Each structure stands twice: as C-alpha cells, then as structure tokens.
1. Rounded, prolate or oblate: which one fits region 203-269, using the alpha carbon gyration tensor with axes a ≥ b ≥ c (rounded when a/c is under 1.5, else prolate when a/b beats b/c, else oblate)?
2. With each label point set 7 Å from Cα along the Cα-Cβ vector, what nm distance links Asp59 and Gln238?
3. Using 0.36 nm times the number of residues separating Ile7 and Arg38, minus their current alpha carbon distance, what extension gain do you get?
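Read the figures in this text as sums done on the coordinates, not as results from a lab. These numbers come from a predicted model, not from an experiment. Glycine also receives a Cβ, built like all others from the backbone with ideal geometry; neighbour counts cover every protein chain displayed.
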Amino acid sequence: MTTSAMILDISMGADMVISLVLTSGVSAGFDATNDVLRYVNGITWTPPSAQKILKDYYDRAIVALILLLIGMLLSICATTVSARLRSKAINDSQIWICQDREMEVSRRTMWISSGLLARLLMMAVLLMSVRFILDNRLIYEDDVDYSGNLGVFKLQSHTYVVASAIVGTAGNLLQIPVAIYMQCKSKKTTPSAMILDTSMHADIAISVVLASGVGAGFGATNDVMRLIRAGKWEFLQQVEQDLLSYYKRAILGVIFLLIGMLLSLCVTVVSARLRARAINDSEAV
C-alpha cells in the first residue's frame, strides 16, 4: 500500500468514526431531552414554577442540538467523499495483482466471507436487543399499580432503539444475498462496481442508524435514572427501586445494540475495502 492510499484509508476511517460519534450525540441529545420533558410534564411539581424553569432550560438546549445535527450531516457528507476518493484511488503498489490473480481472488473471497459472517452475527445480536427491550416490563410489587403512569415511565428512546435494531436487521437481511452473490462472483471475476457501491453506502447508512439508536438508548436512560435518584420518594421507595430496575434491564438491550453497531462498522470497513480493491483490480488490468 502506498503512502497516499494509507492516508486515504486513515482519513476515511476517521471520518466514519466522527460521523458515528456525532450521530450518537445528536440522537442521545434529542431523545434524552424529549424523554426528560415528558417526565417533567407528567408529574406534579411543588412549586409549579419549577416545572416552567426546567422546560425553558431544556428548550434552550435544543438550539445546541440543532447545530450538532448540522455538523453531523456535514460529517456524513465528508465520509461519503472520503469513501469515494479511496475507491477511485489507484495504488501503483497493487499493479502486481495481475501477476498473481489466484492470490488476489483468495484475498477477496476472504474479505467477503468475513463480511458475511459479521452480518450474520450482527443480525443475531440485533434481534437479541429487540427481545430484551420488548420483554422488559415494570414489575408489580407490594400492590403498586403503574398502569396509570406507564406512558410517563416508558421512554420513547427505547422505542427508537427497537426501530433502529429492526432497520439494521432488515438492511443486513437484504445484504446477505448480495454477499453470497459476490462470494460466487469473486471466484470468476471482479464483482460489479455498482453493486459494491450500493452495498458500501447501505452499510454506512445502517451504521449511522444503529449509532443513533445507541446514543438515544444510553443517553435517555441514564438521564432519567439520574432524575429518579435525585428525586424525593418519601413513602415510595419501592416505586423508586422498581423504576430503577426497569431501566437497568433496558440497558441490556442497548448494550446488544452497541455490539451490533460495532459489527456494522466492521462490515462497512469490509465493504469499503472490497470497493477499493475492485477499482484497483480493474485499473491494473
């Protein structure tokens, strides 16, 4: 690999990481703020002016989140540009591919197989995340009935975690036939550049969606738990413990989503490498 290709690889990887961090930050900010506002509006405050002060505080925080959202969109554009530049780069050091076709086919097959395995693992992990979130319920103890306030306690960010996991699973399910096709095709010739481009950009989109779900899940759950611990639950200590246990169990689902996001990032790197190798192979010929 030449120095220029290495620089492009590092630049693309850095842009991808920055985009995922900003995406998780935006999602955590918006979802946590929304869930906390629902919590603030759903309970009675003494004095009432405290509720208005809190609402004004979180409304002002939305402005900073909008600016972060704009930065995230610009970062995604930069990531796409970096991926395209890396794909179009011609590495003189890889001209020898024509001289040892069998070794190159073996390496390409290994990359595709690794990506396929990561996709299967990712689907299993994401389905586990969905299961943990949907199976989580407020447990009734000491005749405490939460049904009247269930809408306040149930975080919308957890619904988004489930939605992002389902989107990630569906996206990978559609990508598996493509990976199998490339696995068979790579033994004969270089896979289509259009297919590789589509697969790479789809993987980037899935990674962004999963990163936003992770940010929303961890951010909102942590903030609501801090509010619960900071509150005064006189004669309602059992309710406090029930709520904390409920949110702690939800964290398990978010952890599985985090693992799925990391696997999605690995798959995205594989897709980008396959696209770059395809370009280098065609130019070398």
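1. It is prolate, given that a/c is not under 1.5 and a/b is the larger ratio.
2. For the pair Asp59/Gln238, the computed spacing is 3.9 nm.
3. 6.5 nm
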